[in-house]
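Down below is the structure, laid out as structure tokens.
No lab work stands behind these numbers, since they all come straight from the coordinates. The shown structure was predicted, so the numbers you read here are calculated from the model rather than taken from an experiment. Positions of Cβ are backbone-derived with ideal geometry, glycine not excepted, and every protein chain shown enters the neighbour counts.
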Amino acid sequence: MGLDIYSYVVVGVKVDPKKLSTKTRVKAFDHDFDYSEDFLFDPKTGKALWEEELQLVSGYDSWTNTFFGYPVVSNTNDWDNPNVEVFIALYVGKTSSHRDGVVPAIFVPPPTDPLAEKSAFMNVLKNAGLIDNYDNYGLWLVQEYNC
């Protein structure tokens, strides 16, 4: 295990990573208590009655790291990191790890109809509530560091 560094070139949108998931309160174990701020622990065992569970928003697939089929790219795989930056890509290029030399690892072919593809992409993100306007759309260079 060691440090891996990758470089991405992303044509897409920078998004708030918190918008790709929500936290929901669920029972920590089987019990008959209703949620109350005044009653958070089991009176017999002292165990917490509730825990937070991460729910991914519709369209986000963490297994393939895509959002409605569009690649999701970040500068770290630790999304709890306060410095994390997350991008949803219309087009993306990626190098392999710095240990393998700088060679292409992922390349998305150029668009056949760039304006139509950008419009469809932006509509998907806008309808999902990830963007309000087109200010965050652009060309991004992303350095990913993983340990």
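Ranked for footprinting exposure by Cβ neighbours inside 10 Å, fewest first, Ser74, Ser58 give Ser58, Ser74.
A Förster distance of 25 Å, applied to the separation of the beta-carbon atoms of Val84 and Arg25, puts the FRET efficiency at 0.60. Entry note, the range 22-92: relative contact order of 24 percent, from Cα contacts under 8 Å with a spacing of 6+ residues. Exceedance of the 19 Å cut-off in Cα-Cα distance is limited, within the set Lys23/Lys44; Lys94/Lys126; Lys14/Lys118; Lys19/Lys126; Lys19/Lys47; Lys18/Lys126, to Lys23/Lys44; Lys94/Lys126; Lys19/Lys47. For Phe41, the residues whose modelled amide H falls within less than 5 Å of its own, excluding neighbours fewer than 5 places apart on the same chain, are Leu49.
Can you sort Tyr70, Tyr35 by how many other beta carbons sit within 10 Å, fewest first?
Ordered by Cβ neighbours within 10 Å, fewest first: Tyr35, Tyr70.
Cα axis of helix 114-127 to longest principal axis of the chain: angle in degrees, 0 to 90, nearest 10? So the helix axis and the longest Cα principal axis differ by about 10 degrees. Considering only Cα atoms, the convex hull volume of the range 1-122 works out to 165 Å³ per residue.
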